[in-house]
Amino acid sequence: MRSFKFLVITALMVLAPLGHAAVFTDSGRINDIDGDGDTLVDDVKISHFIFNVATAGLVTIDVDAEGFDSFIYLFDSNNNVLDENNDDNRDRVWDTDSYIQTSLEVGDYTVTIGQYWYSIEDALQGYTQNWSFAHQADTGWGFDYGNWDLTVNTPAPSEVPLPGALAMFLSALAGLGFLRRQ
């Protein structure tokens, strides 16, 4: 009986991680840069974050922006725009955050994060030309940057689909039960 309990506990520990999402996080800063090389710091940086979806399914992209009105694009690996968002309208304290929830196939994707509003061309080049950063809560302190935190939740990758792993586990238990009776 003791070995049976050990097997059940071990199997549950092995199978438990199979259903959990893969989470990617990053953080960065939006600020003025000389993106176009004209020696003037008069362009606003647009950050890029690349992530991989190993198992098709529902993906959430959440940007918490501090000090600026964030805007995000979601691109596939061929630079096609799949979605965009300006304001996170999920009853959050700040509507300057951005949020996307969408189903994605297996593949590589890019999220661009910048100050509201920028074009697809700006997103791909990494800056908004001749546009100065404007701090959302500027009270005369002269902030020339804004910080962001990004969280991307993707379906968990698994070598064996959960139903298959469960079937293998139950078959092994049945086999052990059969061997024990003999």
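The values are calculated or read from the model by the stated rules, or taken from the named source; none is laboratory data. Bear in mind that the values here come from a model prediction, so they are computed numbers and not experimental data. In this analysis, Cβ positions are derived from the backbone assuming ideal geometry, glycine residues included, and neighbour counts consider all displayed protein chains.
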Strands (runs of 3 or more DSSP E) (entirely within segment 40-148) containing at least 2 residues that are over 18 Å from ASP26 (Cβ atoms) and modelled with pLDDT under 95: 43-45
Test TYR116 against the criterion of being more than 29 Å from PRO155 (Cβ to Cβ), surrounded by 14 or more Cβ atoms within 10 Å (Cβ to Cβ) and in contact (Cβ under 8 Å) with a residue 40 or more places away in the chain, and give yes or no. yes
Go through the residues of segment 15-22 one by one and say whether even a single one is within 22 Å of the chain's Cα centre (by Cα), in a strand (DSSP E or B) and modelled with pLDDT of 90 or more. no
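For the structure I just gave you, tell me whether ALA172 is farther than 30 Å from ARG29 by Cβ and modelled with pLDDT of 65 or more.
yes
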In segment 29-42, which residues are surrounded by 15 or more Cβ atoms within 10 Å (Cβ to Cβ) and either polar (S, T, N, Q) or touching a helix residue (DSSP H, G or I) at 6+ places or on another chain (Cβ under 9 Å) (or both)? ASN31, GLY35
